[in-house]
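Undergrad: Once you've had a glance at the structure underneath, I'll fire off some questions.
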Amino acid sequence: MAQGLPLTYLEAGEANGGTPLLVLHGLFGSARNWQTLAKRFAERHRVYALDLRNHGGAPWSDEMTYPAMAEDVLRFLDDRGFARASVVGHSMGGKVAMTLALTHPDRVERLAVADIAPVAYTHTHAPFVAAMKQAKLEGCTRRSEVEAQLVDAVPEAPLRSFLLQNLVLEQGSFHWRINLDAIGARMSDLIGFPDLGDARYDGPTLFIGGTRSDYIVPETHAAIRRHFPKAAIEMIEGAGHWLHAERPQEFAALVEAFA
């Protein structure tokens, strides 16, 4: 049995049988970000949108490596007696999904990866972490007061709104429901990808990228093909990194046709 952390989750399509479909969110996200798409996928699948460690309602841990996060997903499967699952993962969640498929290929029936490749990136979200940590929450009574403190570091309003989904008001006080200390300390692991040697996943695989994003580009195709020889690569015109939020219809149609 896997020794990972017990993850929290949202479930949809409970009446559907067959292989479950797991949905793994990206950095700073949570299962709730995928609620609408999970309901759509649940028309044909039993869907579980998971909160990954240090996010949403999941347990916190100082360890934030992709093998550790893959073990969490494996524990989720083991705890429910699921031999296999189809997995959809975006960004950080995509790297968790790829790591799971490469280290436990017998547990993954199909794999769909949204706007990320099995490579190390130079993109860093450390400034966002720093801004969130530096925000003075004590005495704030409105979300707008916290948002105003993020404007310099996060000038894009949609991105600020996304980050502020992690701001929780409880008993009259705001706090972050995300483990900023662990995420900040492990940022090099999060923008990297584990060295898994010549590991490969020979199952059906779909990579979905956005043409306005620089995460899946021709330079990453060799790494994709090396680890996932049966991978198809589809690009959504005009979509950026958060392609599932920007182009939900096109994204959902590609996943449904694949899964």
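Undergrad: In this structure, does residue 81 turn out to be open to solvent by 10 Å² or more (accessible area, probe 1.4 Å), over 14 Å from the mean Cα position of the chain (by Cα) and free of Cβ contacts under 8 Å to residues at least 24 places away in the same chain?
TA: yes
Undergrad: Applying the selection to the stretch 215-259, what residues are assigned to a loop (DSSP other than H, G, I, E, B), in contact (Cβ under 8 Å) with a residue 12 or more places away in the chain, farther than 18 Å from residue 108 by Cβ and not small (Gly, Ala, Ser)?
TA: Correct list: 215, 216, 237, 241, 242, 247.
Undergrad: Separate question: Please name all residue pairs, on different chains or six or more residues apart, with Cβ atoms under 8 Å, provided the first residue is in the stretch 45-67 and is closer than 13 Å to residue 99 by Cβ and assigned by the TED database to the domain that holds residue 92 and the second residue is open to solvent by 30 Å² or more (accessible area, probe 1.4 Å) and part of a helix (DSSP H, G or I).
TA: Final answer for the pair search is 64/185; 64/189; 65/189; 66/189; 67/103.
Undergrad: Of all the residues that make up the stretch 5-44, how many are open to solvent by less than 40 Å² (accessible area, probe 1.4 Å) and modelled with pLDDT under 95?
TA: Within the stretch 5-44, residues that are open to solvent by less than 40 Å² (accessible area, probe 1.4 Å) and modelled with pLDDT under 95 number 1.
Undergrad: Which is open to solvent by 50 Å² or more (accessible area, probe 1.4 Å) and closer than 30 Å to residue 18 by Cβ, of 138, 145, 109?
TA: 109
Yes or no, residue by residue, for (1) outside the structural domain of residue 35 (by the TED database); (2) in contact with a helix residue (DSSP H, G or I) (Cβ under 8 Å, 6 or more places away or on another chain); (3) of a type in the set (D, E, K, R):
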residue: 156; (1), (2), (3): yes, no, yes
residue: 165; (1), (2), (3): yes, yes, no
residue: 172; (1), (2), (3): yes, no, no
residue: 175; (1), (2), (3): yes, no, no
residue: 179; (1), (2), (3): yes, no, no
residue: 203; (1), (2), (3): no, yes, no
residue: 212; (1), (2), (3): no, no, yes
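Undergrad: Would you check which residues across the stretch 21-50 are under 22 Å from residue 116 (Cα atoms) and assigned to a loop (DSSP other than H, G, I, E, B) and list them?
TA: 25, 26, 27, 28, 29, 30
Undergrad: Here's another thing I want to ask about it. Would you point out the residue of the stretch 150-188, among those that are among the charged types (D, E, K, R) and assigned to a helix (DSSP H, G or I), that is surrounded by the fewest Cβ atoms within 10 Å (Cβ to Cβ)?
TA: It comes out as 181.
Undergrad: Being hydroxyl-bearing (Ser, Thr, Tyr) and either more than 20 Å from the chain's Cα centre (by Cα) or more than 15 Å from residue 116 (Cα to Cα) (or both) is the filter here, so list the residues in the stretch 187-236 that pass it.
TA: If the condition is that a residue be hydroxyl-bearing (Ser, Thr, Tyr) and either more than 20 Å from the chain's Cα centre (by Cα) or more than 15 Å from residue 116 (Cα to Cα) (or both), then 188, 201 are the ones that fit.
Undergrad: Name every residue in the stretch 189-199 that is open to solvent by 20 Å² or more (accessible area, probe 1.4 Å) and either under 25 Å from residue 53 (Cβ atoms) or out of contact with any helix residue (DSSP H, G or I) (no Cβ under 9 Å at 6 or more places or on another chain) (or both), in order of residue number.
TA: 189, 191, 193, 194, 195, 196, 197, 199
Undergrad: Is the stretch 116-127 home to any residue that is under 22 Å from residue 31 (Cα atoms) and open to solvent by 50 Å² or more (accessible area, probe 1.4 Å)?
TA: So far as the stretch 116-127 goes, no, none of its residues is under 22 Å from residue 31 (Cα atoms) and open to solvent by 50 Å² or more (accessible area, probe 1.4 Å).
The values are calculated or read from the model by the stated rules, or taken from the named source; none is laboratory data. Predicted model, so just to flag it, every value in this text is computed and none were measured. Cβ: placed from backbone, ideal geometry, glycine included. Neighbour counts: every protein chain shown. Side chains included, ligands, DNA and RNA excluded: accessible areas come from the protein's heavy atoms. Shrake-Rupley method; radii C 1.70, N 1.55, O 1.52, S 1.80 Å.
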